[in-house]
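Below is one structure; the comments refer to it alone.
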Amino acid sequence: MAEQFEEVHEQLTEVDETLDSMADEINEIVNDAIERSAANVSYDLDEGLFSASLPVEEITGRISKRLDPPFFVSVDGSEIVIKDIREEYDIDDSMFDDQRERIQNLKGLISKLESQHDEGAPEDKVLYLAEYLGMSMDDAKDELLQLKQKGEVYEPRTDRLRTT
């Protein structure tokens, strides 16, 4: 019993150290992106007003380029949020294990993403998520093309997708 407890304790310690390391790395990436971005600051001492704005899109772009799956960056109002893909879109890692279900699962993935984006699901995110979940980029593009040809998916504007 003592050996099992020792083994579990070691595993939990390793997980804790890994999570700490990941948090430190994400914090470093975010701080670096913010430091490299120009803030627009204005103040009026007579009125007692101070305002600062950060180029949120620029910062999220810089963070996205350095952040690896399963994490991704999104903007929620004035906040930059880093989330786990699997939890954000309620995605099961085994979604693309069965080849027969890949087209329907890709359509479901598009549906989940489009519900969170007013202009439709960003095509690059759909492909990114499909690749992360086990499809090759070429297969994901082929499946997406099939969905478009069948009329099950369309582009309301360039690089945005909607399901029918």
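Only the coordinates and a few stated rules stand behind these numbers; no lab work does. All figures in this text were calculated on a predicted structure; none of them were measured in a lab. With ideal geometry, Cβ positions are generated from the backbone for all residues, glycine too; neighbour counts draw on all protein chains shown.
The length gained by stretching the chain between VAL75 and SER37 to full extension, at 0.36 nm per residue less their Cα-Cα distance, is 12.1 nm. Report the extension gain between HIS117 and THR164 in nm, rounded to one decimal, defined as 0.36 nm multiplied by the number of residues separating them, less their alpha carbon distance. Fully extending the segment from HIS117 to THR164 adds 15.4 nm.
The mean sequence distance of close C-alpha pairs (under 8 Å, at least 6 residues apart), as a share of the length of the chain, puts its relative contact order at 13 percent. In this simple spin-label model, placing a label point 7 Å from the Cα along the Cα-to-Cβ direction at both ASP138 and LEU19 gives a separation of 4.0 nm.
Neighbours of GLU123 by Cβ distance under 10 Å: Lys/Arg scored +1, Asp/Glu scored -1, total 0.
Among residues other than GLN149 with Cβ under 12 Å from its Cβ, the summed charge is -1 (Lys and Arg +1, Asp and Glu -1). For region 1-88, the normalised intensity computed at q = 0.20, 0.23 Å⁻¹ comes to -0.96, -1.11 (log10 of I(q)/I(0), Debye sum over alpha carbons, equal scatterers, no solvent).
Between Rg and the Kirkwood Rh of the chain, both from Cα atoms, what is the Rg to Rh ratio? Walk me through the intermediate numbers first.
Values: Rg = 20.8 Å, Rh = 18.8 Å.
My calculation of the ratio gives 1.11.
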